[in-house]
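Here is the structure we will look at, set down as structure tokens.
The values are calculated or read from the model by the stated rules, or taken from the named source; none is laboratory data. Since the structure is predicted, the reported quantities are computational estimates derived from the model, not experimental observations. Glycine gets a Cβ as well: all are built from the backbone with ideal geometry, and neighbour counts include every protein chain shown.
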Amino acid sequence: MNLVVTGHHLELTDSLKNYVSSKMSKLEKHFDNVTKTNVILSVEKLRQKAEATINVSGNTLFAESVEEDMYTAIDSLTAKLDRQILKHKEKMKDHHKKEKQTIHQNSLSD
């Protein structure tokens, strides 16, 4: 996975970069076809905003989170992306696989 972390009106520290990369690596456990991840962290007055765009096979997922704390915003962002990845993975799953196997077995037994 190619991870790009950028900051707007924010100095990116090593701890922030490491925290984002550790959280994003957990997303790969659910779906390993993640090709590119672009994370933008920004500060607007008292709002800490984290947004991410993930390119997966066949789709682009986007989520954003606005919180008072940057680490909380990153946590919320990864939770949203995790739900989206699981939903995308479920859509890609062939739900009719059992029916095809049953039909194929029935045709062989005839």
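So here's what we get for this one:
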| item | result |
| --- | --- |
| Top-ranked residue of segment 44-69 - restricted to ones that are among the hydrophobic types (A, V, I, L, M, F, W, C) and at pLDDT 95 or above, ranked as farthest from Ser21 (Cα to Cα) | Val66 |
| Index of the failed condition, His88 passing every other in (1) surrounded by 15 or more Cβ atoms within 10 Å (Cβ to Cβ); (2) in contact with a Lys or Arg (Cβ under 8 Å, 6 or more places away or on another chain) | (2) |
